[in-house]
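Structure, as structure tokens:
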Amino acid sequence: VQLQASGGGLVQTGGSLGLSCAASGIIFSITRMGWYRQAPGKQREWVASITNTGNTNYADSVKGRFTISRDNAKNTGYLQMSRLKPEDTAVYYCRIFTTDGRYDYWGQGTLVTVSS
């Protein structure tokens with residue numbers, strides 16, 4: 001199983017950026033997907049998640065600014081980020097997993113830097 005995260009980069013405060021997470025080697029449609037982030041000197045934190053049927057949840061810090069989505073036909077998940085703030089600067093990781101614990105995989109991370 002491989003997860004390839006992409007789309008990170010440098011953006012100004014208030015800008016937008018989209019992340020992608022392409023999965024291979026697994027039946028993507030049976031999994032849940034989550035996005036997490038780790039800022040310098042801080043622990044990794046959950047950002048958003050989406051079930052295999054499209055139900056979403058968000059951390060309070062990103063609610064209303066970030067949108068998680070998935071395209072099961074393309075085995076790809078997305079995180080669209082808008083109204084970015086300097087505190088959103090972090091390495092963003094995607095994760096796919098099943099609730100029974102049978103599958104749990106992480107992508108390699110992609111850096112998002114928001115300049116003030």
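The values are calculated or read from the model by the stated rules, or taken from the named source; none is laboratory data. Just so we're clear, the structure is a prediction, and the values are computed from it rather than from any experiment. Here the Cβ is made from the backbone with ideal geometry for all residues, glycine too, and neighbour counts use every protein chain on show. Surface accessibility is based on the protein's heavy atoms, side chains included, excluding ligands, DNA and RNA. Shrake-Rupley method; radii C 1.70, N 1.55, O 1.52, S 1.80 Å.
Numerical summary
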| quantity | calculated |
| --- | --- |
| Number of the exception - D88 against (1) within 11 Å of the chain's Cα centre (by Cα); (2) buried (at least 17 other Cβ atoms within 10 Å of the Cβ) | (1) |
| Options F28, F97; residue that is out of contact with any strand residue (DSSP E or B) (no Cβ under 6 Å at 6 or more places or on another chain), hydrophobic (A, V, I, L, M, F, W, C) and under 15 Å from V1 (Cα atoms) | F28 |
| Flag if Y78 is touching an Asp or Glu at 6+ places or on another chain (Cβ under 9 Å), of a type in the set (S, T, Y), within 18 Å of G7 (Cβ to Cβ) and open to solvent by 40 Å² or more (accessible area, probe 1.4 Å) | yes |
| Counted residues, the stretch 102-116 - those being open to solvent by less than 30 Å² (accessible area, probe 1.4 Å) and either of a type outside the set (V, I, T) or touching a Gly at 6+ places or on another chain (Cβ under 7 Å) (or both) | 4 |
| Answer from T53, T99, T67 - the residue that is open to solvent by less than 80 Å² (accessible area, probe 1.4 Å) and of a type in the set (V, I, T) | T67 |
| Residue selected from the stretch 24-43 under the condition in contact (Cβ under 8 Å) with a residue 24 or more places away in the chain and aliphatic (A, V, I, L, M), by the criterion most open to solvent (accessible area, probe 1.4 Å) | I30 |
